[in-house]
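**Student:** Sharing a structure with you now.
The values are calculated or read from the model by the stated rules, or taken from the named source; none is laboratory data. Predicted model, so just to flag it, every value in this text is computed and none were measured. Virtual Cβ from ideal backbone geometry, glycine too; neighbours counted across all protein chains shown. Quick note on the areas: whole protein, heavy atoms, side chains included, nothing else; ligands and nucleic acids left out. Shrake-Rupley method; radii C 1.70, N 1.55, O 1.52, S 1.80 Å.
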Amino acid sequence: MVQDRDLNEYSPSLSRTGKQLSCSHQLCKSTANCKGPEEPCPYIVQYKSDDTASSGFLIEDVLHLTSASKNSTPSSVQASVVFGCGRKQSGGYLEGAAPDGVMGLGPGEISVPSVLAKAGMIQNSFSLCFDDNGSGRILFGDQGNLAQHYTPFLPAAGKYVNYFVGVERFCVGSSCLKQTGFQALVDSGSSFTYVPTEVYKKIVFEFDKQVNATRINIQQSPWKYCYNVSSWELLSIPTIKLMFPLNQSFLVHKPVFSESLNQKYTIFCLTLLRTDDDYGVIGQNFMVGYRMVFDWENLKLGWSIANCEDNGNGKRVNHTPSNNGSTSQLPTSEQQSIPNAHAVAPATARNTPSKSSVAASRQIPLLLCLTSSLLLLMRLLILSC
């Protein structure tokens, strides 16, 4: 049985296991803002969007997880992680974004999946799954299944530093469009999907041509291609599909947002945005209905149709609260490097681990369930304090 819990701001003073990292700690490199070696180690994250930033100090505390294996009973696992305790926020944070924190899942050496992998608890891989209702799960250590589609991650300037993939072309309905290839950052922290301007023009032109409906202008909507249709016409909305190398296809389950005005009419919008950057972003809205596998160990992105209430091994996820469990002390030898992120988005943990208490092995993925539909693929876990 899934049990919801009220969430509160993280308070270091109320945590029995949390501790501040001092300016003399090996992880602390921002010593320019330190008044002394025993002062709290500061951090600052600058986002690319909306003049959004977060600053505060670094904390080490315990992250509660549940092991998930096809052949064993779920058990509680506790892992020590380092995260940013936000004291000053700006931009999107002041408008309600990420009220309970941001889960950093990037490939940096101090992100949650990287640290768990370095400790030998999991493979350096994880999966995300989002349901239509906004719930979902993260499965750390998950490398997917043999039937999944996949495409390789691409290096940037000769180095593998983020989740970039190569889209060969976009397909609208039965038409696969020429010259619609681009590189894309796969980032669930972006609410929507962005494509370079020239590619965007080709896609929306073809989409508009295939839609037999009246295009309308909705003020304050981020989407430019919206329509007013009668209910039966919704069945003729063209499909959207991405094609990757080796003929690997990715059918988007929810390419439009729709809302019924009354029993007779419905409005819908193509949830695709353009960017002036030379790369695109595959956002969370395109990931709905898939088990997205970020396999950094093998440098590839995998996907398969999924029910997010399934733990990936054919078992339905069951969560009960726990107050016990084994704690794994993880290495803290790498300094966090934080690049500009594309967007800010909420990320909140809903449930605590199940009741048995054993240490996780490399073959047992670790599960964290979410109520939020958005995550940010950064390199640092950030909580409001």
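**Student:** How far apart, in nm, are two points set 7 Å out from the Cα along the Cα-to-Cβ line at ASN247 and at ASP277?
**Tutor:** Each label point lies 7 Å from its Cα, and together they span 3.2 nm.
**Student:** Additional query: State in Å² the accessible area per residue of region 94-247; use a 1.4 Å probe, count heavy atoms of protein chains only, and round to the nearest integer.
**Tutor:** Values: 6980 Å² over 154 residues.
So region 94-247 comes to 45 Å² accessible per residue, rounded to a whole number.
**Student:** Using only the alpha carbon atoms of region 10-102, find the Kirkwood hydrodynamic radius as the inverse mean reciprocal pair distance, in angstroms to one decimal.
**Tutor:** On the way: mean 1/r = 0.0657 Å⁻¹.
Evaluated on region 10-102, it is 15.2 Å.
**Student:** Further question on the same structure: If ligands, DNA and RNA are left out, what is the accessible area of LYS48 with a 1.4 Å probe, given in Å² to the nearest 10?
**Tutor:** Near enough 100 Å² of accessible area.
**Student:** Please give the Cα centre distance for region 128-204 versus region 94-117, rounded to the nearest Å.
**Tutor:** 20
**Student:** Would you mind telling me the share, in percent, of accessible area of region 127-310 contributed by carbon and sulfur at probe 1.4 angstrom? Intermediate results must be reported in sequence, preceding the final value.
**Tutor:** On the way: 4370 of 8760 Å².
Summing carbon and sulfur atoms, their accessible area is 50 percent of the total for region 127-310.
**Student:** Mind checking which lysines have their C-alpha under 28 Å from LYS241, skipping anything on the same chain fewer than 8 residues away?
**Tutor:** Partners found: LYS48, LYS178, LYS201, LYS202, LYS209, LYS224, LYS254, LYS300.
**Student:** Heavy atoms only, 1.4 Å probe, whole protein assembly: order SER49, SER75 by accessible area, highest first. Write out the running numbers ahead of the final one.
**Tutor:** Numbers: SER49 25, SER75 5 Å².
Descending accessible area places them as SER49, SER75.
**Student:** For region 10-102, with all protein chains present and a 1.4 Å probe, just round the carbon and sulfur fraction of the accessible area to a whole percent. Each step should come with its number before you reach the end.
**Tutor:** On the way: 2260 of 4730 Å².
Of all accessible area on region 10-102, carbon and sulfur atoms account for 48 percent.
**Student:** Order CYS176, CYS28, CYS34 by their accessible area, 1.4 angstrom probe, all chains in place, largest first.
**Tutor:** On the way: CYS176 65, CYS28 10, CYS34 30 Å².
If we order CYS176, CYS28, CYS34 from most to least accessible, we get CYS176, CYS34, CYS28.
**Student:** Let me ask something else. If I stretch the segment between LEU14 and CYS176 completely, what's the gain in nm (0.36 nm per residue apart, minus their alpha carbon distance), one decimal? If you can, show how the numbers build up before the last one.
**Tutor:** On the way: separation 162, 0.36 × 162 = 58.32 nm, distance 5.61 nm.
So the extension gain works out to 52.7 nm.
**Student:** Taking 0.36 nm per residue of sequence separation and subtracting the Cα-Cα distance, how much length would be gained by fully extending the chain between GLN263 and ILE218, in nm to one decimal? Please report the intermediate quantities before stating the final value.
**Tutor:** Numbers: separation 45, 0.36 × 45 = 16.20 nm, distance 1.99 nm.
Fully extending the segment from GLN263 to ILE218 adds 14.2 nm.
**Student:** Could you list which residues have their amide H under 5 Å from that of GLY280, counting only those 5 or more apart in sequence or on another chain, with H placed in the peptide plane?
**Tutor:** The answer is GLN183, ALA184, LEU185.
**Student:** For region 127-310, what is the relative contact order in percent, using Cα pairs closer than 8 Å and at least 6 residues apart in sequence? Don't skip to the end; give the middle numbers.
**Tutor:** Numbers: 399 pairs, mean separation 59.6, N = 184.
Averaging sequence separation for qualifying contacts and normalising by length gives 32 percent for region 127-310.
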